[in-house]
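The structure under discussion appears below in the form of structure tokens.
FYI, it's all coordinate maths here, none of it is from the lab. Predicted model, so just to flag it, every value in this text is computed and none were measured. Note that we place each Cβ from the backbone using ideal geometry, even for glycine, and neighbour counts take in every protein chain shown.
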Amino acid sequence: TQQLNQSPQSMSIQEGKDFIMNCSTSTTLATLFWYRQDPGKGLILLMKLVKGKEVKNQGKLTAQFDEKKQHSSLLITETQPRDSARYFCAS
Ligand SMILES: *[C@@H]1O[C@H](CO)[C@@H](O)[C@H](O)[C@H]1NC(C)=O
């Protein structure tokens, strides 16, 4: 299994600001997923990244997977209270 490191662990952001979170690993990943989890709910798949250098945009979410496939970021633009949740990366 892979060890994925996410940062930051937690964060409070001013409404309307953009927010970026990161996920990294020491080895190359074939596929990277970003999930969201709301309190007491299951995981919701937000993004699936397969190709290095890939940038995926979905509404206010933008995810990218670096060329070496060892780092990914998830950007939330203009955060709103409904964006409050736990976000996970997985491989
Ligand atoms: C996320 O990654 C970006 C680009 O590498 C970096 O500028 C930023 O400081 C990182 N943020 C955290 C919380 O690690």
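In the chain, Cα pairs under 8 Å separated by at least six residues give a relative contact order of 36 percent. Over the chain, with a single point scatterer placed on each C-alpha, what log10 of the ratio I(q)/I(0) does the Debye formula yield at q = 0.13, 0.14, 0.15 1/Å? Relative scattering, expressed as log10 I(q)/I(0), comes to -0.40, -0.47, -0.54.
Counting other Cβ atoms within 10 Å as a rough exposure proxy, the listed residues Asp83, Asp38 run Asp38, Asp83 from fewest neighbours to most.
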